[in-house]
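Sharing a structure here in structure tokens format.
The values are calculated or read from the model by the stated rules, or taken from the named source; none is laboratory data. Not measured: the values here are computed from a predicted model. All Cβ positions, even for glycine, are placed from backbone atoms using ideal geometry, and neighbour counts span all protein chains on display. SASA here: full protein model, heavy atoms, side chains in, ligands and nucleic acids out. Shrake-Rupley method; radii C 1.70, N 1.55, O 1.52, S 1.80 Å.
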Amino acid sequence: MMHDIAVKLLGGKELETIMNLTRRPALYEPGEPAFWTDPHISAMMLQAHLNPVDDAASRSAEHIHAEVDGLFSSGAVKPGDRLLDLGCGPGLYAVELAKRGVQVTGIDFSERSLAHARKHATECGVEIEFRHQNFLELDDVAAYDSIIQVYGEMNVFEPMLRDRLLANVKRALKPGGRFTFDVTTRACHLKHGGRNHWEAAPSGFWTPHAHLLLADGFYYEEADVWLDQYVVLEADRTRVFRNWFTEYDAVSIGKVLEHAGFSVAGLTNGLSMAPLTADTEWIGVRAIST
Ligand SMILES: C[S@@+](CC[C@H](N)C(=O)[O-])C[C@H]1O[C@@H](n2cnc3c(N)ncnc32)[C@H](O)[C@@H]1O
């Protein structure tokens, strides 16, 4: 009988384990640390980065060009700048900026993305220093006119780590240097954040092996934090990936920056620098080290 089979497959203990794995965790409870560096996931990420028409992982080629134009037209980046690209990924922005006369250093902790970035720079005939480094450990001093961080990396840190990153950025900038980045707002994840769903597949984004994926999204209204959670069950291991996003608005990001020794030079609708709207999903932030 179907009922008996179901009981054998999923006893009370297994069900309890699954219920436990899929529960709403405490705010900022960490998941697997290997999101960017796991060999299979980083290969899938790179594929997503390099999709020229899709805005996942990196933005589409058209979108990147509009943003690089915006960086120059707003004065966030100037030809001849020494510029640091934090979390440069496969170097799509770094190469575009170097082509336009900027001296770029790119930092990332994905070796796979950096290998692509180096190849891309060589093919385009531009010289860029690509460094394999955790930007939370950045210790450069007064070295750059401009630092950029693209695609919401500032959202993923809890406040203590975010402030450490901002202190690293401030130290690495020359006096009066420019820091330009983008952050998501509450509107972004209420619209696009993960939702409760499952998939059973022979392979997929998270693993090359057969697995069951139990995904969910949780909103922590009190802290304005969104969590995308992915529980990946395989024959011989279970992993829980958690992508935390602290959301900002014009007021909250201003306060964070002021506290970290920056003034706000401009807030826009994303980095293509369109005027800010009340329902924006991405805020482009231009800050100056004070
Ligand atoms: C969303 S991707 C954006 C990549 C690139 N900025 C773009 O828009 O094409 C974030 C990148 O940040 C890198 N990253 C995340 N945390 C990092 C850290 N602590 N140190 C260095 N790189 C990091 C990841 O490896 C990834 O390449």
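Exactly one condition in (1) within 16 Å of the ligand (Cβ to nearest atom); (2) among the hydrophobic types (A, V, I, L, M, F, W, C); (3) open to solvent by 50 Å² or more (accessible area, probe 1.4 Å) is false for Leu212; which is it?
Condition not satisfied by Leu212: (1).
Okay, moving on. I need every pair where a residue in region 123-143 that is of a type in the set (Asp, Glu) has its Cβ under 7 Å from the Cβ of a residue that is within 14 Å of the ligand (Cβ to nearest atom) and outside any loop (DSSP other than H, G, I, E, B), sequence separation at least 6 or different chains.
Glu129/Thr105; Asp140/Ala172
Separate question: Given Ile64, Ile18, which one is closer than 30 Å to Glu221 by Cβ and among the β-branched types (Val, Ile, Thr)?
Every option except Ile18 fails the conditions.
While we're on this one: Residues that are out of contact with any helix residue (DSSP H, G or I) (no Cβ under 9 Å at 6 or more places or on another chain), of a type outside the set (Phe, Trp, Tyr) and either modelled with pLDDT under 90 or closer than 23 Å to Val156 by Cα (or both): does region 57-69 have at least one?
Taking every residue of region 57-69 in turn, at least one turns out to be out of contact with any helix residue (DSSP H, G or I) (no Cβ under 9 Å at 6 or more places or on another chain), of a type outside the set (Phe, Trp, Tyr) and either modelled with pLDDT under 90 or closer than 23 Å to Val156 by Cα (or both).
Here is a follow-up. Considering only region 215-250, how many residues are within 23 Å of Ile41 (Cβ to Cβ) and part of a loop (DSSP other than H, G, I, E, B)?
Result for region 215-250: 4.
Limited to region 41-57, what total is found for residues that are of a type in the set (S, T, N, Q) and touching a residue at least 40 places away in the same chain (Cβ under 8 Å)?
1
Here's a follow-up. Look through region 78-130, keep the residues that are within 8 Å of the ligand (Cβ to nearest atom) and out of contact with any strand residue (DSSP E or B) (no Cβ under 8 Å at 6 or more places or on another chain), and return whichever of them is farthest from Glu67 (Cα to Cα).
The extreme case among them is Ser110.
Then there's this: What pairs come out if I take residues in region 184-198 that are free of Cβ contacts under 8 Å to residues at least 60 places away in the same chain and open to solvent by 40 Å² or more (accessible area, probe 1.4 Å) and pair them with residues that are acidic (Asp, Glu) and not in a loop (DSSP other than H, G, I, E, B) whose C-beta lies under 7 Å away, six or more apart or interchain?
Asn196/Asp216
Here's another thing I want to ask about it. Of the conditions (1) in contact (Cβ under 8 Å) with a residue 60 or more places away in the chain; (2) within 15 Å of the ligand (Cβ to nearest atom), Leu173 satisfies every one except a single condition; which number is it?
(2)
For region 133-149, which positions are within 11 Å of the ligand (Cβ to nearest atom), open to solvent by 20 Å² or more (accessible area, probe 1.4 Å) and either touching a strand residue (DSSP E or B) at 6+ places or on another chain (Cβ under 7 Å) or within 23 Å of Gly80 (Cα to Cα) (or both)?
Those that are within 11 Å of the ligand (Cβ to nearest atom), open to solvent by 20 Å² or more (accessible area, probe 1.4 Å) and either touching a strand residue (DSSP E or B) at 6+ places or on another chain (Cβ under 7 Å) or within 23 Å of Gly80 (Cα to Cα) (or both): Gln133, Phe135.
Out of curiosity, is Asp69 of a type outside the set (Gly, Ala, Ser), open to solvent by 20 Å² or more (accessible area, probe 1.4 Å) and over 15 Å from the mean Cα position of the chain (by Cα)?
yes
Against the definition (more than 10 Å from the ligand (Cβ to nearest atom) and either within 24 Å of His49 (Cα to Cα) or surrounded by fewer than 15 Cβ atoms within 10 Å (Cβ to Cβ) (or both)), how does Glu153 come out, yes or no?
no
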